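All remarks here apply to the structure that follows.
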Amino acid sequence: MADINHATDSAYSPEMDGPTHEATYRGFVRFVEIATTVVICWVLSLAVGGVREAWITAIIGVVLGGIGGAIGALSPGIGWRAPAVVAVLLALMLAFY
């Protein structure tokens, strides 16, 4: 059962490791940001393939979105911005191609 004997304020109890909790939360938020941007790339790639009949370009967009996500995951300073560049290019291609 759940332990209901805990402090009511926002402070961490001595049994909890506050910095580890915060680091885990930051890592989770970073992962969600990158994964969401990669999925947006995939959706835009499918839209380019379906609307513009450019399926080779759509495949390249999916691959580049995945590579951008990997780059963003491996370099904390870049993060979600790497796949966002691919998403912007795909959106421009969808709008003007």
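A few remarks follow.
- Each listed q (0.23, 0.29, 0.30 Å⁻¹) maps to a log10 I(q)/I(0) for the range 36-96, found by the Debye formula over equal Cα scatterers with no solvent: -0.77, -1.09, -1.15.
- Surface composition of the range 36-96: carbon and sulfur make up 83 percent of the accessible area, probe 1.4 Å.
The values are calculated or read from the model by the stated rules, or taken from the named source; none is laboratory data. Predicted model, so just to flag it, every value in this text is computed and none were measured. Side chains included, ligands, DNA and RNA excluded: accessible areas come from the protein's heavy atoms. Shrake-Rupley method; radii C 1.70, N 1.55, O 1.52, S 1.80 Å.
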